[in-house]
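Have a look at the structure below before the remarks.
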């Protein structure tokens, strides 16, 4: 036997062993058990009269059509969601939670009773109280307090529903953002948008069901996990689109390769994958095939949808867009275009709201006001534009941060900051919602005289999530995914639908 | 939590221990029965020792049971029956045991003792079960159809004339509280099934402060998060609905009177929906007036038509699980050729989105037959006045979206709008301003949205605040 023959023989033997190893005792038992189990279950289900309808209970993951539209548990009031997350946490005390009593205390030392047993991100020792750094006025029929920093938004106060006693238990950005968006302060849970696309699929098969847009020059602190799919199949994670340059990276045809060749190569890859699937039956392979197909469709549909240039000039003016640049206003306009095309969940993150007072951009009386001005016009335009197109009927818009800001002026490490600023505050903050079957011109929850603690209508991120799912037609307690041997839900073991704010 | 003493700990072993005498004595009885035959004669030797083990475990069970009886709030009569039966059982087992040691387990008396023991075992065990799981635990399974029915307050024909306590408060308390705080059990020493007992309160004090629902323990406990150990009714038990809690709070706030009628008490806005719901005998749940789907059920839609639409790329979805009502979204698929497929589904379709599909007035001939339609989106289609007038036939219509169509004011004025209609979207249509007043009269009760909102240019849109130079 020559050296070469010996080598070939060895290779052959190894290949056989590998195949044998892949078909293990466990596979054998599993196949048998599944086979018998399926037989038994089949006849059992048939006797229950379930065979034909098939789709009883919660959503079932169909790897071949993971994004196929699915029905909600009960009739929905909202079909789409736009979540405007102001990353860094805007100050409720300069926008919506008007506290004249705090003005009287301005500059005085914070009483010990408010500090005992508390832990702040940066405040040390005894800070001074800081009165509202804005003029407030009651707006619209509803009389909601909105400050001068959002003059446009103030004109549509009667369209909004404020949750003024939101609380959280995370005082750092990343965990707090994760808590709001995924229901857990730690990494690894699917985000709200993933849950929603998992539950409802998408009605436009050419576009992703869950799109994420960011602005403000920086990513949110929690990183891409806040739109991750966690333990849900990866096809449900948010697709981040850029508002400048190519909306989705690496989706353009490479130079010298036209669309037909691209199509042919995707077909070839899919064919190989299909053979692989016949051999192994792994559902993730089907998932991969459908993702390739979707990417191919997205090559056309995404650039088309993401191109705001075909909007008429008056719409650009209404939103205050800056075509060609990466900015929040462009993203807001894109959000409307996306929901109009049937995208289920659009998440916008705008960074720069962390008004500590450590520099001018993060000062409550400088940078914060500029941030407000950057979003005021476009957000107002969004609500009005959705409204005039009849989309606000079944589109839920949410605006807010991950926590609030303290009624005290921040004294980082016991020293006075160069500018006026407020530290992170977990006990009270404001968010607002509009459309999607939520009451208009309504305010829920109240805080005490200085906006430190809620005194009524306290709500948590879990309550918010439960309410959003409820509007989309899901019972947050029954909407689960089996993982690691137990059912998981977005709201963990918490959350109550805030029924008072539902129409 | 109060500290658990060692006696409490031993007492709490009772529910586990009792299974020992039941099992062991049953085995002894089976052995006794079998050993009577020639074939199983050899089993006789085992009987005395098994019986002895049974007697010993019975004695321990009795001791722990007595300790538990002293420290808990079980129904007195049930408990004493359980106790006397258990004692009788233990003595009888002892007698049989003694006989078996002297080899007399198989005479006439031994057999009678065995039969008696079996009867006592059954009775005692059942009584014990009734104590832990409730008296209707076993029998409940037999008439389960009644038991499983949702906890509703019986309908009240004339709510205003009803006595608040008898007709509203009592049924609510019965649903949520009686099983532990009623005639059979008084957990925490609290009984809630008559006025005197309610006023007396429980071990930890009074539960109801007339006029102050917020300070009343009864309400406070219900409002705690369900995960809280002190939340009532406890986790896993049937919870009270929001409406039911609102009714209870209202009753307490208004003085917690036992004789007054509904009409005698002030009725703030908050409690009115719940009160109105009582007329229908609802569960006190606040009914959403603007329910998205019709109340009456409908047969499943024609499968061929559904498959035909789906095949063409139209999204046809039931509006909810267990509902045959459909939502149809053409998602931009050219609709004129497909619209005929809606005809067989005319009773099922309640939401129809044909936006951007290029359908025209002729398609409205089919749409108008879909009498259940509540939501119709015809934005950016070729629909004109002729089509819109036909839509007047849709009596259930709630929302009509005509954005970007050629519809005019004249057309809308000749439409007979449905009474439920609450929003018509008319952005980018040819409805002129002069028709507005007339339209508002015709479409009263509905919001007519002409769109075209503009935002004024403000200095703040572009001005940037800069830090003051110090």
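Just for helices (runs of 4 or more DSSP H) wholly inside the stretch B:216-285: which have at least 3 residues that are outside the structural domain of residue B:172 (by TED's automatic domain parsing) and either surrounded by fewer than 16 Cβ atoms within 10 Å (Cβ to Cβ) or free of Cβ contacts under 8 Å to residues at least 40 places away in the same chain (or both)?
Ranges flagged: none.
Residue A:307 falls short on exactly one of the conditions (1) touching a residue at least 24 places away in the same chain (Cβ under 8 Å); (2) more than 21 Å from residue A:152 (Cα to Cα), and that condition is (1).
Modelled with pLDDT under 90 and in a helix (DSSP H, G or I): does that describe residue B:77? Against the criterion (modelled with pLDDT under 90 and in a helix (DSSP H, G or I)), residue B:77 qualifies. With respect to the conditions (1) at pLDDT 85 or above; (2) within 14 Å of chain A (Cβ to nearest Cβ); (3) over 26 Å from the mean Cα position of the chain (by Cα), residue B:331 lacks only one, and its number is (1).
Does residue A:269 satisfy the criteria of being surrounded by fewer than 18 Cβ atoms within 10 Å (Cβ to Cβ), part of a helix (DSSP H, G or I), assigned by TED's automatic domain parsing to the domain that holds residue A:375 and over 30 Å from the mean Cα position of the chain (by Cα)? Give the derivation first.
Values: surrounded by fewer than 18 Cβ atoms within 10 Å (Cβ to Cβ): yes; part of a helix (DSSP H, G or I): yes; assigned by TED's automatic domain parsing to the domain that holds residue A:375: yes; over 30 Å from the mean Cα position of the chain (by Cα): yes.
Yes, satisfied.
Can you find a residue that is crowded, with 22+ Cβ neighbours inside 10 Å, within 14 Å of chain B (Cβ to nearest Cβ), over 14 Å from residue A:86 (Cβ atoms) and in contact (Cβ under 8 Å) with a residue 60 or more places away in the chain anywhere in the stretch A:397-416? Checking the stretch A:397-416: not a single residue is crowded, with 22+ Cβ neighbours inside 10 Å, within 14 Å of chain B (Cβ to nearest Cβ), over 14 Å from residue A:86 (Cβ atoms) and in contact (Cβ under 8 Å) with a residue 60 or more places away in the chain.
Among the residues of the stretch A:338-351, is any more than 16 Å from residue A:244 (Cβ to Cβ), touching a helix residue (DSSP H, G or I) at 6+ places or on another chain (Cβ under 8 Å) and surrounded by fewer than 24 Cβ atoms within 10 Å (Cβ to Cβ)? Within the stretch A:338-351, one or more residues are more than 16 Å from residue A:244 (Cβ to Cβ), touching a helix residue (DSSP H, G or I) at 6+ places or on another chain (Cβ under 8 Å) and surrounded by fewer than 24 Cβ atoms within 10 Å (Cβ to Cβ). Of all residues in the stretch B:160-204, those satisfying the criterion of being assigned to a loop (DSSP other than H, G, I, E, B) and over 26 Å from the mean Cα position of the chain (by Cα) are B:201, B:203, B:204. Which one is nearest to residue B:372 (Cα to Cα), of the residues in the stretch B:296-315 that are within 36 Å of the chain's Cα centre (by Cα) and within 12 Å of chain A (Cβ to nearest Cβ)? So, considering only residues that are within 36 Å of the chain's Cα centre (by Cα) and within 12 Å of chain A (Cβ to nearest Cβ), the one nearest to residue B:372 (Cα to Cα) is B:300.
Scanning the stretch A:437-472 for residues that are more than 20 Å from the chain's Cα centre (by Cα) and within 13 Å of chain B (Cβ to nearest Cβ) gives A:439, A:440, A:455, A:456, A:457, A:458. Selection of the stretch A:358-389 for residues being closer than 21 Å to residue A:421 by Cβ and touching a strand residue (DSSP E or B) at 6+ places or on another chain (Cβ under 7 Å) yields A:358, A:364, A:375. Summed over the stretch B:419-434, residues that are in contact with a strand residue (DSSP E or B) (Cβ under 9 Å, 6 or more places away or on another chain) and either within 20 Å of residue B:375 (Cβ to Cβ) or surrounded by fewer than 19 Cβ atoms within 10 Å (Cβ to Cβ) (or both) total 10. Evaluation of residue A:244 against the conditions (1) part of a loop (DSSP other than H, G, I, E, B); (2) exposed (fewer than 13 other Cβ atoms within 10 Å of the Cβ); (3) without any contact (Cβ under 8 Å) to a residue 24 or more places away in the chain shows that the sole unmet condition is (3). In the condition set (1) surrounded by 20 or more Cβ atoms within 10 Å (Cβ to Cβ); (2) within 9 Å of chain A (Cβ to nearest Cβ); (3) closer than 18 Å to residue A:390 by Cβ; (4) touching a helix residue (DSSP H, G or I) at 6+ places or on another chain (Cβ under 8 Å), residue B:399 is compliant with all but (4). Can you confirm whether residue A:318 is assigned to a helix (DSSP H, G or I), assigned by TED's automatic domain parsing to the domain that holds residue A:199 and modelled with pLDDT of 90 or more? Yes: the conditions hold for residue A:318. One residue stands out in the stretch A:321-337 among those that are within 14 Å of chain B (Cβ to nearest Cβ) and part of a helix (DSSP H, G or I): the one that is surrounded by the fewest Cβ atoms within 10 Å (Cβ to Cβ), namely A:337. Evaluating residue B:105 against the criteria (1) part of a helix (DSSP H, G or I); (2) crowded, with 19+ Cβ neighbours inside 10 Å leaves one unmet condition, (1). Checked against (1) away from every other protein chain (no Cβ under 13 Å); (2) closer than 22 Å to residue B:392 by Cβ, residue B:423 meets all criteria but (1).
Taking the stretch A:473-503 as the range and being out of contact with any strand residue (DSSP E or B) (no Cβ under 7 Å at 6 or more places or on another chain) and either in a helix (DSSP H, G or I) or away from chain B (no Cβ under 11 Å) (or both) as the test, the residues that pass are A:482, A:483, A:484, A:485, A:486, A:490, A:491, A:499.
The sole residue among A:217, A:193 that is surrounded by fewer than 17 Cβ atoms within 10 Å (Cβ to Cβ), touching a strand residue (DSSP E or B) at 6+ places or on another chain (Cβ under 7 Å) and closer than 23 Å to residue A:85 by Cβ is A:217.
For the condition assigned by TED's automatic domain parsing to the domain that holds residue B:361 and at pLDDT 95 or above, residue B:435 does not qualify.
The values are calculated or read from the model by the stated rules, or taken from the named source; none is laboratory data. Please read all numbers here as calculations on a predicted model, not as lab measurements. Neighbour counts run over all protein chains shown; Cβ positions are idealised from the backbone, glycine included.
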